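Please read the structure below before turning to the comments.
The values are calculated or read from the model by the stated rules, or taken from the named source; none is laboratory data. All values reported here derive from a predicted model rather than from experimental measurement. Neighbour counts run over all protein chains shown; Cβ positions are idealised from the backbone, glycine included. Accessible surface is based on the protein model in full, side chains and every heavy atom, while ligands, DNA and RNA are left aside. Shrake-Rupley method; radii C 1.70, N 1.55, O 1.52, S 1.80 Å.
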Amino acid sequence: MNILHTADWHLGQLFHEYDRSFEHQQFLDWLVQTLQREEVDVLLISGDVFDLSNPSAATVRQFYRFLNLASKACPGIQIVITAGNHDSASRLESPKPLLESSNIHIVGVVERDDEGNVDYEKLIIPLIKKGRIEAWCLAVPFLRMGDYPAIADCDNPYAEGVAALYRDICQVVKHKRQPGQALIAMGHLHAQGVEISDMDKAERLIMGGIECIAASAFPDELSYVALGHIHKAQRLGGREHIRYAGSPLPMSFSEINYKHQVILFTIEEGQVIHFRTIEVPVTVPLLKIPAVHSRMEEVLLALRRLPPAAGKDRRTAPYLQVSVLLDAPEPGLRYKIEQALAGKYARLARIDTRYPQKDPLVSNQIQSSDPLQTLKPIDVLNQVYVSRYAQKVPAALLTLFNEIAQQIDEKVEGEA
């Protein structure tokens with residue numbers, strides 16, 4: 001049985017306000033071809049199918065069109081989809097009645113029985129090929145508070161509750177499992193020690209670092225753990241069989257040299273063999289100009305050297321980050337850059353400005369800031385300016401600020 005693991009599609013996402021539906025469609029078309037070429041029997045999608053909990057109608061249509069095409073291209077393929085933290089669990093599950101007659105399984109909600117216990121049966125899916133169960137899939141979605149067992153008198157209710165859920169579901173499936181059948185678990189979570197990208201840092205903050213799961217949370221009898229949530233593909237704790245697939249599209253400019261991928265493996269007699277990663281083709285590349293932060297004159301010269309857009313498909317034009325080194329704020333910065341890019345084969349996504357630190361006391365000034373209630377407006381201006389531009393506020397700006405502050409004080413006194 002051949003199984004392909006992918007996650008974190010984020011359909012409907014905007015990249016610095018640019019629509020990515022064309023990129024996502026290219027990926028989905030490639031994925032259908034890959035499923036067919038590799039003779040994939042099971043497709044696992046470990047959460048964050050959509051970027052928003054309320055995706056647009058066009059985005060939803062794009063997803064279900066993929067499911068239709070994949071099922072037709074690969075008759076008999078099973079597709080198991082779990083909800084991520086970006087998905088609406090109930091919305092993702094809403095078409096389940098229409099899919100009951102197919103081999104498409106969607107798990108978004110962790111249901112409970114009449115006694116309030118987790119209904120593990122709803123999370124267990126047999127993976128079948130030619131009428132024989134080759135493996136059992138433990139389709140665990142993103143776990144919110146109340147989804148996992150409550151552990152009394154413990155230091156970390158989340159981590160220990162999640163670990164208990166995986167232990168309990170493995171115990172339940174033992175009564176179903178026969179010799180020669182593998183156990184495959186899915187999950188959408190943040191694990192300890194993972195390497196994260198800029199986009200991962202922008203995700204929901206992990207309170208005190210407690211919402212991190214250790215590799216030891218996954219029972220040893222699991223043959224493979226298909227994880228989602230972290231956008232960079234990697235093994236967990238050096239273990240070959242516990243993996244993040246990563247996102248198929250770049251999510252930030254920190255991934256400019258990163259190869260996105262899906263993971264393909266084979267189950268034979270209950271054992272996972274032949275791990276293989278398949279690189280996802282890049283439809284729209286990321287571009288940094290210049291490679292390192294440079295002065296304005298050098299930046300504009302480099303931008304003017306970019307190839308013209310005439311005769312090229314605008315949908316595949318690179319997303320561009322411009323890296324500028326400034327001595328002081330430049331009011332006309334964006335206008336100058338856009339003028340240099342006029343007619344070029346690139347789409348301005350981000351301007352990353354840096355300021356050389358001139359005052360050795362700057363860092364000390366920031367770190368030793370007074371409590372907010374004791375700061376005067378001029379102190380706030382000084383600290384914000386220094387933190388952004390690594391130098392003191394220019395005298396001309398201080399003069400203007402003081403004039404405005406004085407006018408406000410006079411108005412307040414007059415009204416009093």
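Computed over protein heavy atoms with a 1.4 angstrom probe, the accessible surface ordering of PHE22, PHE15, largest first, is PHE22, PHE15.
Return the calculated 222 nm mean residue ellipticity for the chain, to the nearest 500 deg cm²/dmol, obtained by summing -39500 (n - 2.57) across DSSP H runs with n ≥ 4 and dividing by the residue count.
Taking each H run of at least 4 residues, the total per residue is -9000 deg cm²/dmol.
Across the chain, the mean sequence separation of Cα contacts (distance under 8 Å, 6 or more residues apart), normalised by length, yields a relative contact order of 13 percent. Modelled this way, with points 7 Å down the Cα-to-C-beta line, the labels at ARG61 and LYS96 are 2.7 nm from one another. Between the listed residues GLY161, TYR244, TYR148, the Cα displaced farthest toward the positive end of the dipole of the chain, a dipole computed from Cβ unit charges relative to the Cα centre, is found at TYR244.
Between ARG112 and SER216, how high is the FRET efficiency from 1/(1 + (r/R0)^6) when r is the Cβ-Cβ distance and R₀ = 35 Å? Nearest 0.05.
Values: r = 26 Å, r/R0 = 0.75.
FRET efficiency, ARG112 to SER216: 0.85.
Do any of LYS232/LYS259; LYS122/LYS174; LYS72/LYS122 go past 20 Å between their Cα atoms, and which? Correct reply: LYS72/LYS122. Look at where the Cα atoms of region 318-337 and of region 242-313 average out, and the two centres are 23 Å apart. Rolling a 1.4 Å probe over the protein heavy atoms gives the chain an accessible area of 51 Å² per residue. Between LYS72 and GLU38, the modelled label-to-label distance comes to 2.3 nm, taking each label 7 Å out from Cα in the direction of the beta carbon. Based on Cα contacts under 8 Å between residues 6+ apart, region 1-49 shows a relative contact order of 67 percent.
Among 393-399, 42-48, how do they line up by average Cβ neighbours within 10 Å per residue, starting with the highest?
On the way: 393-399: 12.0, 42-48: 26.0.
Peptide ranking by packing, descending: 42-48, 393-399.
As a ratio to 2.2 N^0.38 Å, the alpha-carbon radius of gyration for the chain is 1.21. What the phi angles of region 137-151 give under the Karplus curve with 6.51, -1.76 and 1.60, with θ = phi - 60°, is a coupling list of 9, 9, 8, 9, x, 4, 9, 9, 4, x, 7, 9, x, 7, 9 Hz, glycine and proline written as x.
For ARG354, the accessible surface of its heavy atoms amounts to roughly 120 Å² (probe 1.4 Å, protein chains only, rounded to the nearest 10).
Over region 59-139, all Cα pairs binned in 5 Å intervals from 0 give whole-percent P(r) values of 3, 12, 21, 25, 19, 12, 5, 2, 0, listed from short to long. Region 382-412 and region 95-143 have Cα centres lying 61 Å from one another.
Using θ = phi - 60° in the Karplus curve 6.51 cos²θ - 1.76 cosθ + 1.60, the 3J(HN,Hα) couplings for region 337-353 round to 5, 5, 5, 5, 8, 4, x, 8, 8, 6, 10, 5, 10, 7, 10, 9, 9 Hz; x is entered for Gly and Pro.
Assign unit charges at the C-beta atoms only (+1 for Lys and Arg, -1 for Asp and Glu), then state the dipole size of the chain relative to its Cα centre in Debye, rounded to the nearest 20. Present the calculation step by step, with values, prior to reporting the outcome.
On the way: 43 positive and 52 negative charges, 364 e Å.
The dipole magnitude comes to about 1740 debye.
Per-atom-type breakdown for the chain gives carbon and sulfur 51% of the accessible area (1.4 Å probe, protein chains only).
What angle do you read, to the nearest 10 degrees and between 0 and 90, between the alpha-carbon axis of helix 57-73 and the longest principal axis of the chain? Tilt relative to the chain: about 40 degrees.
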